[in-house]
Amino acid sequence: MPHLGRWWAAGPHGGARRPRLAQVCWRRCCGSGRCRSATWSLTSRDTPSPVDPDTVEVLMTFEPDPADLALSSIPGHETFDPRRHRFSEEELKPQPIMKKARKIQVPEEQKDEKYWSRRYKNNEAAKRSRDARRLKENQISVRAAFLEKENALLRQEVVAVRQELSHYRAVLSRYQAQHGAL
């Protein structure tokens, strides 16, 4: 998070000091507030810092069931992480329900070696397809559980920030009633 250094100016009545401009270090170096880097820029105090939503990390404890993670991970690859994985829109589109084709019985005399090799290959492909679908469904459900918990936490945070904002607005209105507009 960029740290903020303030330049102070005297208030309208000479006594109260208020921030006029802010120096913002955009390098993610020390985080201590005492940056000596040359990447300073000036912003007015009314301009919020730009924030990339993908870089915001919500502090929360989310420990999914290890069995769910095992079912959501490809064996031999790294474990599925619901905090970092992003599904594309294409992956999340609902799949159409297709009617099964009617089975055609093959006469016993036509079941030669070629038929059985094709049946074997088809059965293996169907198994791979079912496993891939099950894996994707498990990943989506674990990710959805993570997002629901994160969403609830963020809603609580929004409520707290709104309460804090209303408190500061009340303080500001009382100040302006006593000392005039800023």
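The values are calculated or read from the model by the stated rules, or taken from the named source; none is laboratory data. Model, not experiment: these values are computed from the prediction. So basically every Cβ, Gly included, is an ideal-geometry build from the backbone, and we count neighbours across all protein chains shown. Please note that ligands, DNA and RNA were not included when accessible areas were found on the heavy atoms of the full protein model with its side chains. Shrake-Rupley method; radii C 1.70, N 1.55, O 1.52, S 1.80 Å.
Before moving on, here are some points about what is shown:
- Stokes-Einstein translational diffusion, region 53-145 - Kirkwood Rh over all Cα pairs, 1.567 mPa s, 4 °C, in µm²/s: 76
- Over the C-alpha atoms of region 101-182, the Rg to Rh ratio, Rh being the Kirkwood estimate, stands at 1.66.
- Applying 1/(1 + (r/R0)^6) with r as the Cβ-Cβ distance of residue 166 and residue 54 and R0 = 30 angstrom yields a FRET efficiency of 0.50.
- Annotation: extensible slack from residue 176 through residue 132 equals 9.5 nm (criterion: 0.36 nm per residue apart, minus Cα-Cα distance).
- FRET efficiency for residue 122 and residue 144, using Cβ-Cβ distance with R0 set to 41 Å, rounded to 0.05: 0.80
- Between region 68-90 and region 123-172, the Cα center-to-center distance that results, in Å: 15
- FRET efficiency estimate (nearest 0.05) - Cβ-Cβ, residue 95 to residue 155, R0 35 angstrom: 0.70
- Sorted largest first by accessible area at a 1.4 angstrom probe radius, with every protein chain in place, the residues 169, 143, 102, 83 fall in the order 102, 169, 83, 143.
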